[in-house]
Each structure stands twice: as structure tokens, then as C-alpha cells.
Amino acid sequence: MKATQLVWLRNDLRLDDHPALALAAEQGPIQVVFCATPEQWQQHDESPAKLGLRAAVLQDIADRLAQLGIPFHLLEVDFFTDVPDELLKFCQQQNISELWFQAETPLDEQRRDQAVNNVLSKANINVHLLAEDLLVALPVKTQQDEPFKVFTPYYRRWLQILEDIQQAPYAEPKPQGKALKTDLLKCDWAGEFRDDLWPGNEQKALERVSAFCEIKLDDYKSQRDFPSKPATSTLSPYLANGQLGPRRLLATIQFYCGEANRDWRHDDWLRELAWRDFYKQLLLYFPRLSMGKAFKPETEKVIWREDEAGFKAWCEGKTGFPIVDAAMRQLNQTGWMHNRLRMITASFLSKLLLLDWRRGEQYFMQTLIDGEFAANNGGWQWSASTGVDAAPYFRIFNPTLQSERYDPQGLFIKRFVPELKDVPIKQIHNPPADLREQCGYPQPVVDYKQARKDAIAAFKDLPKD
DNA sequence: ACCTTATTGAA
DNA sequence: TCAATAAGG
């Protein structure tokens, strides 16, 4: 009789392409557990939308596991620090001696996993802690054995390694017996989310990957920067909860690039997946990133402004800069924001309002359905010029120019800022004062030229540590 | 993964 | 006036 293998799901909520599930199932019959930690999630600013999607995904998994005859258990405690004892208790009750899970890189998660490893190992439970589930989980290091601090060289090395280690997606676990009764899970912590935009269903997520690669991969590079066009994958909410596995994404890219006779290694969307790996693995080497610290120590000396009215206007999409406001309203209404707009709004907060980038980072986490610590922190520090491979401090987005370039017809603005729906194209990017008055649209909260000068001055001559 | 300003030469 | 280009934040 083979020993029962317990698979602990965390941010990898799927059955397809799941290393821990697949490898555990080779060893014996499996059971699956998820441990909710709602207080901890709140401390980490996880948004209601993200938790809502998570609950839906868990229900989908529970139902499908029941069909396969695989037992699923939902545990709940308050904090990560409560998890080791809860898992130990569960293993002892169920007489389980093998536990499988995949690493996560933020510091609190690393510490939780180490504690689980210690507590369960002491109780003679074998802990199989697999690598973080990235496309390239192996260390990607320079010739000097240092972690890369710039994306482009990281990406070159990453591509080389990826070619060597290419791994096919893992198959979904096989049926393990008669179907079990399905339970309705109790997830009091779940929040509202746009399930019309992101169904909490693994099959639909996988279909979206294929549809995106088949229809949009060719034009991704040329179209991705226009927020009014549906040119991006919109898969990030599924990546954040781990509803899609990285090998499945790579295999789908390779399949459709092959069909189109293109080299998958030059695919621009794959490059975005490399950014995801880049930011996640950085947390292993630079714990200060998980501690609210800037990557560049000298930028801790920047004196950020105190401006509650400005912050509130930014959050609510009432800054008087149409593209910024449209972007923030897209975030508030859907839980998602187009990537180009994330850069524009982050630059606006950290440079033009000169507010501490951590405030923007937090608001994004509290609102985004795809909020994910590594990428969110990485993106904000890039924008604020405090991070790895950061934009130079003087690289400040001009919201009006960005708007003219990437929303030339004002279509995106009109979709989310209805006050401006009748404003002519020529004036939509920066309407004159009297027209704003007529439309009931706010005047600009900052003077762009002056704000730009102030931002450059705030960063200039910082003492090097 | 940016923007401004100065300069030049053409309309 | 205006587009193209270079330099520098």
C-alpha cells in the first residue's frame, strides 16, 4: 500500500501543468489541501477582486478534484504563522507522511514555508519543497555568479537556459477512484470581482491562452501599447492566482509560432513572461524589496510631498489629466489596468505628484485583480526610478503626449471618462479651462512643467551611499 | 519602456 | 511656421 501524498496548493490554483500534483501522483494516491489566511491577505493588501477570483477558482478545483475522486480540504487560519501547526494537525489526523508544494519568493512566504518545513520535518513528515514555478526556475546569474540587475542581459541568459531546459507541460492528475460528493466551499473572505471578464474556470482560462496566441500574437508588438484595443492577453489575473502554468503558456506560444513559421524565441509576449520571472527571482537575492525598501538606497533620501488631496484625486481618477483619469477609473471599475497606463499613472504619482511610490504600490495591490507582489513592486520601483533597471530619474512621462501617442482618437478616454465624450479629438487630451468647466471635468491638479522641474530637482544630487 | 530645448535648414 | 536632429536632464 503506497503512502498518501498531500499536495498543498497556494498561488498555483490549477490542475493542468502542476509539477507538485504531477510528481506527487507518481508516488501514490494524492489528497489536496488549501489553507486560507484571510488576515494575512488583508495585511498584504490583497484586493477583494483578487480574493473573489481566488474563491471561484478554488470552487472550480474542488469540483474537478471531486470528479477525479481526489479528496480536497479547505483549511482556514488567520496568519501565515498559524499555518505550520494547522498543517501538522491535519497531517496527523489524516495519517499523512508526505507533503508537496512549490516555493514562493516574497519574504513572508519564504518564512512561512521554512517554518512548515521545520515543524513537519520534526514530526517525521517528508516535505518535498519544489522550486518556484517559473519558466526558468534555475538560478540565472552573471559570469561573476551575481544576480542580474538589468533586465536585458538577464533576458538573454534566460532565453539560453530556457532553450536547454524546455519542459513539456505536466498532465492533469488521473482519476483516482469513484467521483466524490462535491461541497460548496465556505469562503467568507471572498470579495466581488468581474466574473464576466475573468471567469473563475480553468478551462476558460486555457481557452483564452489559445485564442490569444492564435489571433493576437502576430500583432502583439505593434498593437499592445494602445489601451483602446484588445491587443493584450488579459491573462494576468489567472497568472496571479496561478490558474495557468508557465510551461503551458510556453507550449502554446511555440505551437502557434510554429504554425506561423516564426521563431518563438523572438516572441514579444514571451519577453513579458521573462519580466515576470525576473521580478520574482529578484526577491530571493534582495530581501529588502520585500521590506518596503527601495532597491537603490540613495533614493530613500528623496523627500516625497504630503498631498492628501492630490492622492485622493489620483485614486479616484479626478486629476484633470484625461488619460490618467481614464486609466484609474478602468482600475476602479474592472480591477485591471492596461500595462501602458500602469506606467503613465505610476509616473504621474511618483514624479508629477511627487508622492511616495509605496502609496501607489499599495493602492494598486488593494485594487488590482491581478495584484502580485513581485511584479507590482518591480513596476512601481521602475517608474519611481528607485529600482533595478529603473528608468533614469529624469525620465518623466508627459501624460498629454502619451495620450496623443497611444490613444490618438481619444477612444479609451471617452470609454472611461464620460464627461468628455463630446469633446473633439483636438482637445480631448488636454481640454481648455472653459470647456472643462462646461463638461464638469476637473482642472489639472498640478502644473505639468513645474511639476516636472520639481521632480528632477528632488532626485538631483542625492548623496551616494 | 522619455521629454525638453536649442539649432538648423527648408517651406 | 515646422520637421529633423542633437544634447542633456
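The values are calculated or read from the model by the stated rules, or taken from the named source; none is laboratory data. Only a predicted model underlies this, so the values are computations on that prediction, with no experimental measurement involved. Glycine also receives a Cβ, built like all others from the backbone with ideal geometry; neighbour counts cover every protein chain displayed.
Please state which of the following conditions A:LYS464 fails to meet, knowing it meets all the rest: (1) more than 16 Å from DNA strand B (Cβ to nearest atom); (2) among the charged types (D, E, K, R); (3) touching a Phe, Trp or Tyr at 6+ places or on another chain (Cβ under 9 Å); (4) in contact (Cβ under 8 Å) with a residue 40 or more places away in the chain.
With respect to (1) more than 16 Å from DNA strand B (Cβ to nearest atom); (2) among the charged types (D, E, K, R); (3) touching a Phe, Trp or Tyr at 6+ places or on another chain (Cβ under 9 Å); (4) in contact (Cβ under 8 Å) with a residue 40 or more places away in the chain, A:LYS464 is out only on (3).
Could you check A:ASP108 against (1) assigned to a helix (DSSP H, G or I); (2) in contact (Cβ under 8 Å) with a residue 60 or more places away in the chain; (3) outside the structural domain of A:GLN67 (by the TED database) and say which number it fails?
(3)
For region A:377-421, give me each residue that is over 25 Å from the mean Cα position of the chain (by Cα) and either part of a loop (DSSP other than H, G, I, E, B) or within 16 Å of DNA strand C (Cβ to nearest atom) (or both).
A:PHE394, A:ASN398, A:THR400, A:LEU401, A:GLU404, A:ARG405, A:PRO408, A:GLN409, A:GLY410, A:VAL417, A:LYS421
Please enumerate the residues belonging to region A:36-51 that are within 21 Å of A:VAL83 (Cβ to Cβ) and surrounded by fewer than 21 Cβ atoms within 10 Å (Cβ to Cβ).
Correct list: A:PRO38, A:GLU39, A:GLN40, A:TRP41, A:GLN42, A:GLN43, A:HIS44, A:ASP45.
Just checking, how many residues over region A:302-345 are within 16 Å of DNA strand B (Cβ to nearest atom) and either at pLDDT below 95 or among the hydroxyl-bearing types (Ser, Thr, Tyr) (or both)?
Total satisfying the criteria: 2.
If a residue has to be surrounded by fewer than 22 Cβ atoms within 10 Å (Cβ to Cβ) and either touching a residue at least 12 places away in the same chain (Cβ under 8 Å) or outside the structural domain of A:GLY245 (by the TED database) (or both) to count, how many in region A:205-214 make the cut?
5
If a residue must be surrounded by 10 or more Cβ atoms within 10 Å (Cβ to Cβ) and not in a helix (DSSP H, G or I), how many such residues does region A:433-465 contain?
Qualifying residue count, region A:433-465: 8.
Within region A:176-186, is even one residue crowded, with 16+ Cβ neighbours inside 10 Å, in contact (Cβ under 8 Å) with a residue 12 or more places away in the chain and among the basic types (Lys, Arg)?
no
Given the residues A:GLU306, A:GLU372, which is the only one that is crowded, with 20+ Cβ neighbours inside 10 Å, more than 16 Å from DNA strand C (Cβ to nearest atom) and acidic (Asp, Glu)?
None of the others qualify; the one that does is A:GLU372.
So if I check each of A:VAL388, A:VAL423, which one is of a type in the set (A, V, I, L, M) and without any contact (Cβ under 8 Å) to a residue 24 or more places away in the chain?
A:VAL423
Do the conditions hold for A:PRO399, that is, is it without any contact (Cβ under 8 Å) to a residue 12 or more places away in the chain and either within 14 Å of DNA strand B (Cβ to nearest atom) or touching a strand residue (DSSP E or B) at 6+ places or on another chain (Cβ under 7 Å) (or both)?
Criteria not met by A:PRO399.
Of all residues being part of a loop (DSSP other than H, G, I, E, B) and among the hydrophobic types (A, V, I, L, M, F, W, C) in region A:4-51, which is farthest from the chain's Cα centre (by Cα)? Just the residue, please.
A:LEU15
Quick check on this structure: which one of A:ARG271, A:ARG248, A:ARG265 is closer than 17 Å to A:GLU207 by Cα and assigned to a helix (DSSP H, G or I)?
A:ARG248
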